[in-house]
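*Asks:* Dropping a structure here in structure tokens format, bear with me for questions.
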Amino acid sequence: MTDNIPDLPGYVRQAFYHLFAANRLSLLGYSLLVLLPLVLLLTACGEKTEKQVLVPRPVRTITAPAASWHGEFMQTGEIHPHDELPLGFRQDGRLLARLVDVGDRVKAGQLLATQESSVQQNQLNSARSSLESSLAAEHLAALNLQRMKQLMPSGAIARVQFDTAQSEWLSAVSRRKSSEAELKTAQEYLDWAQLKAPAAGIITQINAQPGQVLSAGQTVLTLTAGDTLDAIINVASPQLFEQHHGDFNVSLVSDPSVHAHGILRDISPQADPQTRTWRVRIQLINPPQGMALGASVQIRLPDSGPALISLPASSLARINGEPAVFVVDQATHQLVLRPIKLGGYTANTILVSGGITPGDAVVTAGVSKLRQGEKVAPGEGIQ
């Protein structure tokens, strides 16, 4: 019977032989017959799979050197006039006409705008009439006083009449002076209805249109006096500018070849309540024609920033959209994705201002295929 099962192991064939041999079927045979399926099940099991051993990935690293670069402060600003004058009328009224526009160059004393002045003209006419009346009263009082002076020595008049005539003349003189002052005031009110340029310059902004009702002091237009220009920037650390005693390098954002030197004019004593920055004015020295009003410029301060560590550009990675590098933990040989702060870059290097310390083992190749916490082994090319 066992010959028909050639695939069974030898010890199983022997078990069948003893079970089915003549006069050998016993209690032990029945027991073996029950255990036979278990033996076949264990025999059918294959070989055990050996556990795979992960080999650390070899990586190329570089030891972060000491900081050898110094950052350059660079801030974007805007060109403004050195002296910017907002001009407006000194009294309420309706804007009648505006005689200039943005970009017009004006002379000192030139008429810029006029205000409706019918009320002021009426006041001027009334003041003139009042002055004429005062002059006539003064002239009559003077003639009366002159006659009293002639009659007084002969005793034709009493002393009290002479004193009265003199008092009336003095009152007439006072009324005439008061009328003259009223006429001068009315003339000034009429002149205030005309807006004139206090100095030569360029109109840079228009804030009101003809027909608009204006209040006293409301800005109608803005005049830049003179040709001196300033570069204005807003900074978070004004101490950097307070410590700088040299010239500033100012260049156009659109064309860096157009540049000029500048000197610090002033720093606002108080930060802006919304942006929490300080306004810095830099006066430009002989700026080229390309530096026009409103142009965007860059202000540079060489060797004014923090010390920077130079690393190969191939070591740059990303974490949540921010720059980072892989650093090998010397104790566990695992990768740590560490965020960094870039202070600049060149064609082949990145300049790190924070996040890396000298002596760190920074991975310089294949960073796109590496993962946080991966165990690695430094390969060839270690620097």
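The values are calculated or read from the model by the stated rules, or taken from the named source; none is laboratory data. All of these numbers come straight from a predicted model, not from anything done at the bench. We place every Cβ from the backbone using ideal geometry, glycine too, and count neighbours over all the protein chains shown. Ligands, DNA and RNA are excluded from the accessible area calculation, which covers all protein heavy atoms including side chains. Shrake-Rupley method; radii C 1.70, N 1.55, O 1.52, S 1.80 Å.
*Asks:* Out of the residues in segment 202-261 that are in a loop (DSSP other than H, G, I, E, B), over 22 Å from the mean Cα position of the chain (by Cα) and at pLDDT below 85, state the one that is surrounded by the most Cβ atoms within 10 Å (Cβ to Cβ).
*Replies:* ASP247
*Asks:* Might you let me know whether segment 109-118 holds any residue that is under 30 Å from PRO198 (Cα atoms) and loosely packed, with under 12 Cβ neighbours inside 10 Å?
*Replies:* yes
*Asks:* Shifting gears a bit: Could we say that GLN330 is in contact (Cβ under 8 Å) with a residue 40 or more places away in the chain and farther than 30 Å from HIS259 by Cβ here?
*Replies:* It is false that GLN330 is in contact (Cβ under 8 Å) with a residue 40 or more places away in the chain and farther than 30 Å from HIS259 by Cβ.
*Asks:* Another question, then. When both residues are 6+ apart or on different chains and their Cβ atoms are under 7 Å apart, which pairs have a first residue that lies in segment 238-262 and is acidic (Asp, Glu), and a second that is modelled with pLDDT under 85 and surrounded by fewer than 17 Cβ atoms within 10 Å (Cβ to Cβ)?
*Replies:* ASP255/GLY290
*Asks:* Take the residues of segment 329-348 that are assigned to a loop (DSSP other than H, G, I, E, B) and among the polar types (S, T, N, Q): which is nearest to the chain's Cα centre (by Cα)?
*Replies:* It comes out as THR346.
*Asks:* Please go through (1) crowded, with 16+ Cβ neighbours inside 10 Å; (2) farther than 30 Å from SER251 by Cα; (3) of a type outside the set (A, V, I, L, M, F, W, C) for PRO81 and return the number of the only condition it doesn't satisfy.
*Replies:* It fails just one condition, (2).
Condition check ((1) under 23 Å from ALA216 (Cα atoms); (2) of a type in the set (Phe, Trp, Tyr); (3) open to solvent by 80 Å² or more (accessible area, probe 1.4 Å); (4) over 55 Å from the mean Cα position of the chain (by Cα)) across all residues:
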site: PHE89; (1), (2), (3), (4): yes, yes, no, no
site: ARG105; (1), (2), (3), (4): no, no, yes, no
site: ASN122; (1), (2), (3), (4): yes, no, yes, no
site: GLU138; (1), (2), (3), (4): no, no, no, yes
site: ALA156; (1), (2), (3), (4): no, no, no, yes
site: ALA165; (1), (2), (3), (4): no, no, no, yes
site: THR185; (1), (2), (3), (4): yes, no, no, no
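*Asks:* Can you say whether ALA127 is closer than 21 Å to THR185 by Cβ, assigned to a helix (DSSP H, G or I) and open to solvent by less than 90 Å² (accessible area, probe 1.4 Å), as far as the supplied structure shows?
*Replies:* Taking the combined requirement at face value, the residue satisfies it.
*Asks:* Among the residues of segment 310-317, is any surrounded by fewer than 18 Cβ atoms within 10 Å (Cβ to Cβ), free of Cβ contacts under 8 Å to residues at least 40 places away in the same chain and in a strand (DSSP E or B)?
*Replies:* No, segment 310-317 has no match at all.
*Asks:* Determine whether ILE356 is more than 30 Å from GLY262 (Cβ to Cβ) and assigned to a loop (DSSP other than H, G, I, E, B).
*Replies:* When the stated conditions are applied, ILE356 passes them.
*Asks:* What number of residues in segment 155-174 are of a type in the set (D, E, K, R) and either more than 24 Å from ALA136 (Cα to Cα) or touching a Lys or Arg at 6+ places or on another chain (Cβ under 8 Å) (or both)?
*Replies:* Residues in segment 155-174 being of a type in the set (D, E, K, R) and either more than 24 Å from ALA136 (Cα to Cα) or touching a Lys or Arg at 6+ places or on another chain (Cβ under 8 Å) (or both): 1 in total.
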